[in-house]
Amino acid sequence: MANYDLVVIGGGTAGLVTAAGSAGIGARVALVERDRLGGECLWNGCVPSKALITAARAAAGVGSASRYGVRVGSSAIDFHAVMDSVRGAQQRIAPHDSPERFRALGVDVVQGEARFTGERTIAVDGRAINARRVVIATGSAPAVPPIPGLSDVHYLTNETIFSLSVLPHRLLVLGGGPIGLELAQAFTRLGAHVDVVEAAPQLLPREDRELATLLGERLQAEGVRLHLGRRATRVERDGDAVRLTLEAQRGGNGDPSAPVSLEGDALLVATGRAPRLDALELARGGVEAGKGAITVDDGLRTTADGVWAAGDCVGPLRFTHVADYQARLVVRNAFFPLASRADYSIVPWVTFTEPELAHVGLTEDEARQRHGDGVRVWRRPFADVDRAITDDATAGLVKLVTTARGRILGGHVLGHGAGNLIAEITIAMKHGISAHALGNTIHAYPTYPEAIKQA
């Protein structure tokens, strides 16, 4: 039986950061992965989606060039070449997550399916491994809703859509969250007719309602058809087409007595994520799971002694940067005496539509529920920001939610480069810098961050 200081199960962001950090302090580490190192982000998530968005942005730019006096001839989209460019981006990033790199760091990379056989003992395809510490970082998989007929038709998820070689003429998207909206806009720009179905009355339900509504209006202006407050009740195949039957939810934008039928050439299911735990046999290792995630304390320790968990299999926020944060915390807690506690109160996230929508802290509604009439809201539309005007990128605004004394409770940006702008607000919240202090700080002109100063 092989013996290690640490065995990491899962080669996505959380697993890779844990393995590299532990090996860097001299631990003997094994990293077990059943598929390819790099995980969801590299192969099915952040990287391919952002590369596809880049191609779609280029297509949209050709269509709008004449506004600036730039005349272009006829253009055509070669979808096969588009997908080649997506795979090219993945291949340029892959060496950073490769087995060769991690072996060079001193990590034993083990290919295969891991399962617990006892307390801190693991079997990988018949090979027995013993460890003083174990970190579970098995990530997540698409959550597929139990809609009648869905299992009888071919559908896409984020794990399969980037393998397409032919652009669907009509794409149906189940789910109005970040994955669904990013891909809906990208495929619209590449020439598909796209319908998005969201059961909630608002797109992106965790986002500030005002900004989410503005983003929805922008997507509709580009041709994305939104069906909010409608629940899919049936999926069926009709020849070469997929048909969705929808019924209105209370608070939706349709007549509850009038079901709607949509048809498409392809169906993308983008209704969230669920932890990938089935093959682990957690109970044999004394590890408990509940509510769809591994049970951990605020130091990410599981119910089993010497076993931690990090990343999407834990939650509560399934983002690459949160997985990275959790992995670093696990390394500290696993090898050093003073425990660190996870704090998710100030975590930024971004939906990479155009315009981007970025978020940190409380929404306006959440702030008013917690702090009542003492909440102040400050806005600066990009239509009043010089750099946005010169770039013809005036859609959206910066919105700061503060206490009466200027302490920032939340920051929200809808606009060009919002994912970069949210960093300034995040740092301010983390270090107690008030909105007044931001407003008194010199910002370079002409830049987008002036909107934060002027809010």
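What follows is calculated from the coordinates using simple rules that are stated; it is not laboratory data. Predicted model, so just to flag it, every value in this text is computed and none were measured. Counting neighbours? That spans all protein chains shown, and the Cβs are built from the backbone with ideal geometry, glycine included.
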Cross-link reach from K399 to lysines, straight Cα distance under 18 Å and at least 8 residues apart if same chain, gives K430, K453
Measuring from its Cα centre, the stretch 349-454 shows a charge dipole (+1 at each Lys and Arg Cβ, -1 at each Asp and Glu Cβ) which, in debye to the nearest 20, is 540 debye
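Quick one: net charge around A55, please, counting Lys, Arg +1 and Asp, Glu -1 for every other residue with C-beta under 12 Å from its C-beta. Mind dumping the intermediate values first?
Details: positive: K50, R57, R87, R189; negative: D78, D84.
Once all neighbours under 12 Å are counted, the net charge is +2.
Scale the Cα Rg of the stretch 155-208 by the rule-of-thumb value 2.2 N^0.38 Å and send over the ratio, two decimals.
Expressed relative to 2.2 N^0.38 Å, the Cα Rg reads 1.14.
Using DSSP to call loops (not H, G, I, E or B), can you name the trypsin sites (Lys or Arg not before Pro) in the stretch 228-309 whose Cβ has at most 16 other Cβ atoms within 10 angstrom?
Working: sites: R230, R231, R234, R237, R243, R250, R273, R276, R284, K291, R301; in loops: R250, R276, K291.
Sites meeting the loop and neighbour criteria: R250, K291.
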Tilt, helix 46-64 to longest principal axis of the chain (alpha-carbon atoms), in degrees rounded to tens, equals 20 degrees
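For the stretch 1-132, what percent of Cα pairs sit more than 19 Å apart? If you can, show how the numbers build up before the last one.
On the way: 5160 of 8646 pairs.
Summing the P(r) of the stretch 1-132 above 19 Å gives 60 percent of all pairs.
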A chain fully extended from A444 to R284 at 0.36 nm per residue, minus the present Cα-Cα distance, gains in nm 51.8 nm
If R0 = 22 Å, then T160 and E113, at their Cβ-Cβ distance, give a FRET efficiency to the nearest 0.05 of 0.60
Distribution output for the stretch 13-72: share of Cα-Cα pairs per 5 Å bin in percent, first bin at 0, values 4, 15, 14, 12, 11, 9, 8, 7, 6, 6, 5, 3, 0
Note, A342: beta-carbon cut-off 15 Å, +1 each Lys/Arg, -1 each Asp/Glu, net +1
Out of G410, G372, G290 - ranked by how far each Cα lies towards the positive end of the dipole of the stretch 278-427, with unit charges on the beta-carbon of charged residues - the top one is G372
Between the residues G12, V134, L211, the Cα farthest towards the positive end of the dipole of the chain, that dipole coming from +1 and -1 charges on the beta-carbon of Lys, Arg, Asp and Glu, is from V134
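Give me the percent of Cα-Cα pairs in the chain that sit more than 32 Å apart, rounded to a whole number. Show your work: numbers first, answer last.
On the way: 48196 of 103285 pairs.
Of the Cα pairs, 47 percent sit more than 32 Å apart.
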In deg cm²/dmol, rounded to the nearest 500, the helical mean residue ellipticity at 222 nm of the chain, built from -39500 (n - 2.57) for every DSSP H run of length 4 or more, is -8500 deg cm²/dmol
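Evaluate the charge dipole of the chain about its Cα centre and quote only its size in Debye, nearest 20, assuming +1 on the Cβ of each Lys and Arg and -1 on the Cβ of each Asp and Glu. Before the final figure, lay out the partial values.
Working: 48 positive and 50 negative charges, 190 e Å.
Charge dipole, the chain, about its Cα centre: 920 debye, nearest 20.
Using the Cβ atoms and a cut-off under 12 Å, what net charge is assigned to the surroundings of N130, where Lys and Arg are +1 and Asp and Glu are -1? Walk me through the intermediate numbers first.
Details: positive: R28, R120, R127, R132, R133; negative: D5, E119.
Value of the local net charge: +3.
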Answer in debye to the nearest 20: the dipole magnitude of the stretch 340-411 about its Cα centre, from +1 Lys/Arg and -1 Asp/Glu charges placed on Cβ, is 500 debye
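Between A258 and V72, 0.36 nm times their residue separation minus their Cα-Cα distance comes to what?
On the way: separation 186, 0.36 × 186 = 66.96 nm, distance 4.52 nm.
That works out to 62.4 nm of additional length.
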The aspartates and glutamates whose Cα lies under 16 Å from the Cα of K291, excluding any fewer than 8 residues away in the same chain, are D278, D312
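Quick one: compute a quarter of the convex hull surface over the Cα atoms of the stretch 150-271 and quote it in nm². Intermediate values should be presented prior to the final figure.
Details: hull surface 29.5 nm².
Answer in nm², one decimal: 7.4.
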If one compares the long axis through the Cα atoms of helix 79-93 with the longest principal axis of the Cα atoms of the chain, the angle in degrees, nearest 10, works out at 40 degrees
For the chain, cysteines with no other Cys Cβ under 4.7 Å from their own Cβ are listed as C313
Here P(r) for the stretch 349-454, Cα-Cα distances in 5 Å bins, as whole percents, is 2, 14, 24, 25, 19, 11, 3, 1
In the chain, taking the dipole from +1 charges on Lys and Arg beta carbons and -1 charges on Asp and Glu beta carbons about the Cα centre, the listed residue (A334, W308, T121) farthest towards the positive end is A334
